[in-house]
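A.B. asks: Here you go, one structure.
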Amino acid sequence: MVTKRLTHLLAPTPAPPRTPSSTSTRGPTRALSCASDWGLLLIRLTFGLLMAGHGSQKLFGILGGRGLTRTADGFAALGYHPGKLFALIGGLSEFLGGLGLALGLLTPLAAAALIGVMINAMVTVTAAHGLWDTDGGVEYSVCIAVVALAVAAIGPGRLSVDRFFPWRAGGWPGAAVAAGLGGITAAIALSL
């Protein structure tokens, strides 16, 4: 009798029927995409393309931008010497980091580029003005850095180039790479 009860308690229970909400992301019955995939794509495209556009203003002088030479003058006035080198690094970080985020390509590195340039912007330009953007504060830069870090932590999603790579699922390693490299590169740029 005791054996019969133990056998009954230890017997595996049948799995509940699979529904679309309980289907594994790796299961064959999962749809090719879902609302969260499209939502993440929308975030990546919006922030990524806006940052790529911002970088192209610095690099190429398009979209109402000043171009590399005038941007270099601004960087030099902020204490970045040589100004042209730092303007190039900042513009490329925004342009390539933004494109990487938009495409979901090398997402932790793209996020690191955006985080690094936003930390520099906060420290050298906006921190003295407080939090709110209306006063010239850090609000905008914080939002960009947090979105970039969040995308690295969540992963770029199924609608990305990175879907073929191990870091496609995000997680702590992707977030650590983005935050760590972004912080280190910002610290190096600020110390020069």
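The values are calculated or read from the model by the stated rules, or taken from the named source; none is laboratory data. Worth saying up front: this structure is predicted, and the values here are computed from it rather than measured. Backbone-built Cβ (ideal geometry, glycine too); neighbour counts: all protein chains shown. To get the accessible areas, we keep the full protein, side chains included, count just its heavy atoms, and leave off ligands, DNA and RNA. Shrake-Rupley method; radii C 1.70, N 1.55, O 1.52, S 1.80 Å.
A.B. asks: When the accessible area of the range 41-192 is split by element with a 1.4 Å probe, what percent falls to carbon and sulfur? Mind dumping the intermediate values first?
C.D. replies: Working: 5760 of 7640 Å².
Its accessible area is 75 percent carbon and sulfur atoms.
A.B. asks: Sort Leu42, Leu103, Leu32 by heavy-atom solvent-accessible area, probe 1.4 angstrom, most to least. List each step's numbers first, then the result.
C.D. replies: Working: Leu42 115, Leu103 95, Leu32 155 Å².
From most accessible down to least: Leu32, Leu42, Leu103.
A.B. asks: Using only alpha carbon pairs under 8 Å that are at least six residues apart, calculate the relative contact order of the range 132-192 and give it in whole percent. Could you put the intermediate results ahead of the total?
C.D. replies: Working: 40 pairs, mean separation 15.5, N = 61.
Relative contact order of the range 132-192: 25 percent.
A.B. asks: Order Ser36, Ser160, Ser93, most accessible first, counting only protein heavy atoms with a 1.4 angstrom probe. Each step should come with its number before you reach the end.
C.D. replies: On the way: Ser36 80, Ser160 5, Ser93 30 Å².
Heavy-atom accessible area, descending, gives Ser36, Ser93, Ser160.
A.B. asks: Mind putting a number on the dipole of the range 74-166 about its Cα centre? Charges go on the C-beta only, +1 for Lys and Arg and -1 for Asp and Glu, and I need it in Debye to the nearest 20.
C.D. replies: Computed charge dipole of the range 74-166: roughly 320 debye.
A.B. asks: Per-residue counts of other Cβ atoms within 10 Å, averaged by peptide: what ranking do you get for 49-56, 146-153, 166-173, highest first?
C.D. replies: Values: 49-56: 19.6, 146-153: 22.1, 166-173: 14.2.
Peptide ranking by packing, descending: 146-153, 49-56, 166-173.
A.B. asks: I'd like the FRET efficiency for His81 and Phe165, computed as 1/(1 + (r/R0)^6) with the beta carbon distance as r and R0 of 35 Å, rounded to 0.05.
C.D. replies: Details: r = 38 Å, r/R0 = 1.08.
Efficiency, rounded to the nearest 0.05: 0.40.
A.B. asks: How many Å² of accessible area per residue for the range 53-192, probe 1.4 Å? Numbers along the way, then the final one.
C.D. replies: Working: 7020 Å² over 140 residues.
About 50 Å² of surface per residue is accessible.
A.B. asks: Give me Rg/Rg_expected for the range 81-122, where Rg uses Cα atoms only and Rg_expected = 2.2 N^0.38 Å with N residues.
C.D. replies: Numbers: Rg = 10.4 Å, N = 42, 2.2 N^0.38 = 9.1 Å.
That works out to 1.15 for the range 81-122.
A.B. asks: May I pose another question? Return the ratio Rg/(2.2 N^0.38 Å) for the range 115-192, where Rg is computed over Cα atoms only. Display every interim value, and only then the final one.
C.D. replies: Values: Rg = 14.4 Å, N = 78, 2.2 N^0.38 = 11.5 Å.
In units of the globular-protein estimate, the range 115-192 measures up at 1.25.
A.B. asks: If you wrap the range 43-84's Cα atoms in a convex hull and average its projection over all directions, what's the area in nm²?
C.D. replies: Computed as one quarter of the Cα hull surface, the answer is 3.2 nm².
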